[in-house]
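J.: Before anything else, here's the structure in question.
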């Protein structure tokens, strides 16, 4: 599209004739221009932004809308509080929130004064330029709504213009502003801004600058929002690029600032369930992951911001050749299971089992990983599969308050299989973040922990490691750290031998726990 060629306000002078010609010839007028047909189209468009798009902008909605797009319509009608929308790349959030929604709002006269905001004026003006061009040259809109933009208005007005449907009582002022711009003087007659759309609020470079992040937050909370009318509509569409950027800080809030209500739309609802399968099926998402890398995919499509350099680095995560472990004799094989939610019927929280093979050093191969949202029964079935494949000598599990809830389920499954798993409960008292960092980081950095290159659960484990403490889930890394700690402890006991005592009863008492 021509708008993709425009990088600055100056480019509009060069490309405006092409924009006019492209829009004018793009869509054929409606065959039925009777008052009855016109009224039916306008009523249908009024009821749905997507229906409006199908009628007047078919070039923008070539793909069938997904279920989450209807949720965007409800979000766009949130009043008197800022809302944040995070959506994966390609979901269409900019098209919806900075193009279709504002045009719908103008056509049906719902606000008086619109602001479009980005980290620089060129980006903000591009949003308003596209709206101005469509309202002025779109033949379908003109057929049903009349002349909305004055005849004398052209590209010179792209950053600040007025739009009004004939016979409508509402005239809407549209203005592009940059983040950091002084809000004083933002009035249209007696009206203050009652509608704002923020998109591209930060670049990757600016997001790494802590001072710029603070300036962006202050501008939104101390300049923009106080400048809005008493009844306002404000949507921020953005994606976090690191764990300390403006988007992340808006969601977290602070001691003096409430967190912004955030709506997240990652490309995957679950590990193998796409949010928009018609356009982004699992095969396409997996190909994107391979092409751009798991860390970048996690950020752009799963909406997990990249952590700081003090976290796990992608270069730390090394693979082994699966042929290496066939018949390999490990000094120790064990597993650890994080049960996730304490509810025995809960399947929405991740549960994780990690099985490792250990040699002195320690050098550790992750033989199996199972990180899934599943019921306790499904979890136990997975533990039996791991046991039957790798025969771990012990299968540890975290019993923090959950032992009674799980024993009945384990016993029922043991009756079906005819034997008990070598279960060992562990009660963790060390802070989770601390035990993960202290246990895993030195081993990962020195390539002492290796992964299976083709296991999808281990791929998820890698993603959770890369997103540690910033992403929504750390069940896999926690299970891995606990498995490694148990392995190191058992190897240490073997080297030291049994505890010594001259009193036989004391020796027996001490040995009981080994």
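The values are calculated or read from the model by the stated rules, or taken from the named source; none is laboratory data. Since we're looking at a predicted model, the values are computed, not measured. Cβ atoms come from the backbone with ideal geometry, glycine included; neighbour counts cover every protein chain shown.
J.: Do we have residue 144 as within 16 Å of residue 9 (Cα to Cα) and either in the same structural domain as residue 225 (by TED's automatic domain parsing) or modelled with pLDDT of 90 or more (or both) here?
T.: no
J.: Can you give me the number of residues within segment 408-451 that are without any contact (Cβ under 8 Å) to a residue 40 or more places away in the chain and closer than 20 Å to residue 319 by Cα?
T.: 2
J.: Among the candidates 65, 45, 53, which residue alone is in contact with a helix residue (DSSP H, G or I) (Cβ under 8 Å, 6 or more places away or on another chain), modelled with pLDDT of 90 or more and either part of a loop (DSSP other than H, G, I, E, B) or within 29 Å of residue 269 (Cα to Cα) (or both)?
T.: Working: 65 fails: modelled with pLDDT of 90 or more; 45 fails: either part of a loop (DSSP other than H, G, I, E, B) or within 29 Å of residue 269 (Cα to Cα) (or both).
Selected residue: 53, the only one of 65, 45, 53 that is in contact with a helix residue (DSSP H, G or I) (Cβ under 8 Å, 6 or more places away or on another chain), modelled with pLDDT of 90 or more and either part of a loop (DSSP other than H, G, I, E, B) or within 29 Å of residue 269 (Cα to Cα) (or both).
J.: Which residues, counting only those in segment 85-104, are crowded, with 21+ Cβ neighbours inside 10 Å, more than 20 Å from residue 59 (Cβ to Cβ) and either in contact with a strand residue (DSSP E or B) (Cβ under 6 Å, 6 or more places away or on another chain) or at pLDDT 95 or above (or both)?
T.: Hits for segment 85-104 are 85, 87.
J.: In segment 304-323, which residues are modelled with pLDDT of 90 or more and either in a strand (DSSP E or B) or within 17 Å of residue 464 (Cα to Cα) (or both)? Quick ask: steps written out before the conclusion?
T.: Just the residues of segment 304-323 that are modelled with pLDDT of 90 or more, to begin with: 316-323.
Passing the criteria: 316, 317, 318, 319.
J.: What is the residue count in segment 2-27 for residues that are under 30 Å from residue 70 (Cβ atoms) and free of Cβ contacts under 8 Å to residues at least 12 places away in the same chain?
T.: 1
J.: Sticking with this structure for a sec: In the set 109, 146, which member is surrounded by fewer than 22 Cβ atoms within 10 Å (Cβ to Cβ), at positive phi and touching a residue at least 60 places away in the same chain (Cβ under 8 Å)?
T.: Of 109, 146, the one residue that is surrounded by fewer than 22 Cβ atoms within 10 Å (Cβ to Cβ), at positive phi and touching a residue at least 60 places away in the same chain (Cβ under 8 Å) is 109.
J.: Which count do you get for residues in segment 202-250 that are in a loop (DSSP other than H, G, I, E, B) and over 21 Å from residue 102 (Cα atoms)?
T.: So in segment 202-250, the residues in a loop (DSSP other than H, G, I, E, B) come out as 202-203, 208-209, 228-232, 238-241, 243-245.
Restricting the remaining residues to those that are over 21 Å from residue 102 (Cα atoms) gives 202-203, 208-209, 240-241, 243-245.
Residues in segment 202-250 being in a loop (DSSP other than H, G, I, E, B) and over 21 Å from residue 102 (Cα atoms): 9 in total.
J.: Criterion first (surrounded by fewer than 17 Cβ atoms within 10 Å (Cβ to Cβ) and over 23 Å from residue 76 (Cα atoms)) does residue 259 satisfy it?
T.: Values: surrounded by fewer than 17 Cβ atoms within 10 Å (Cβ to Cβ): yes; over 23 Å from residue 76 (Cα atoms): no.
Considered against the rule, which asks whether it is surrounded by fewer than 17 Cβ atoms within 10 Å (Cβ to Cβ) and over 23 Å from residue 76 (Cα atoms), residue 259 comes out as no.
J.: Those residues that are over 22 Å from residue 17 (Cβ atoms) and not in a loop (DSSP other than H, G, I, E, B), I need them from segment 145-171; list them, please.
T.: Residues satisfying the conditions are 145, 162.
J.: Ok, one more. Out of 74, 37, which single residue is part of a helix (DSSP H, G or I), modelled with pLDDT of 80 or more and more than 29 Å from residue 251 (Cβ to Cβ)?
T.: 37
J.: State whether the residues of segment 386-402 include one that is in contact (Cβ under 8 Å) with a residue 24 or more places away in the chain and farther than 23 Å from residue 484 by Cα. Can you show your working first?
T.: Initial filter on segment 386-402 (in contact (Cβ under 8 Å) with a residue 24 or more places away in the chain): 386-387, 390-402.
Imposing the further condition that a residue be farther than 23 Å from residue 484 by Cα reduces the set to none.
No, because not a single residue in segment 386-402 is in contact (Cβ under 8 Å) with a residue 24 or more places away in the chain and farther than 23 Å from residue 484 by Cα.
J.: Any residue in segment 485-501 that's farther than 29 Å from residue 433 by Cα: show its pairings with residues that are surrounded by 12 or more Cβ atoms within 10 Å (Cβ to Cβ) and at pLDDT below 85 at Cβ separation under 6 Å, as long as the two are six or more apart or on different chains.
T.: The qualifying pairs are 499/510; 501/507.
J.: Determine whether residue 328 is within 27 Å of the chain's Cα centre (by Cα) and either modelled with pLDDT under 85 or outside any helix (DSSP H, G or I) (or both).
T.: Details: within 27 Å of the chain's Cα centre (by Cα): no; either modelled with pLDDT under 85 or outside any helix (DSSP H, G or I) (or both): yes.
No; evaluated as a whole, the condition is false for this residue.
J.: Let me ask another. If you scan segment 466-486, which residues turn out to be crowded, with 23+ Cβ neighbours inside 10 Å and over 18 Å from residue 266 (Cβ atoms)?
T.: Across segment 466-486, the qualifying residues are 477, 478, 479, 480, 481, 482, 483, 484.
This table checks each residue for (1) crowded, with 19+ Cβ neighbours inside 10 Å; (2) closer than 24 Å to residue 430 by Cα; (3) modelled with pLDDT under 85; (4) in contact with a strand residue (DSSP E or B) (Cβ under 7 Å, 6 or more places away or on another chain).
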{"residue": "372", "(1), (2), (3), (4)": "yes, no, no, yes"}
{"residue": "377", "(1), (2), (3), (4)": "no, no, no, no"}
{"residue": "385", "(1), (2), (3), (4)": "no, no, no, no"}
{"residue": "393", "(1), (2), (3), (4)": "no, no, no, yes"}
{"residue": "397", "(1), (2), (3), (4)": "yes, yes, no, yes"}
{"residue": "400", "(1), (2), (3), (4)": "no, yes, yes, no"}
{"residue": "406", "(1), (2), (3), (4)": "yes, yes, yes, no"}
{"residue": "409", "(1), (2), (3), (4)": "no, no, yes, no"}
{"residue": "412", "(1), (2), (3), (4)": "no, no, no, no"}
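For (1) at pLDDT 90 or above; (2) in contact with a helix residue (DSSP H, G or I) (Cβ under 8 Å, 6 or more places away or on another chain), each residue gets a yes or a no:
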position: 224; (1), (2): yes, no
position: 244; (1), (2): no, yes
position: 258; (1), (2): no, no
position: 266; (1), (2): yes, no
position: 274; (1), (2): yes, yes
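J.: Read through the list (1) touching a helix residue (DSSP H, G or I) at 6+ places or on another chain (Cβ under 8 Å); (2) under 18 Å from residue 228 (Cβ atoms), then give the number of the only condition that residue 138 fails.
T.: Among (1) touching a helix residue (DSSP H, G or I) at 6+ places or on another chain (Cβ under 8 Å); (2) under 18 Å from residue 228 (Cβ atoms), the lone unmet condition for residue 138 is (2).
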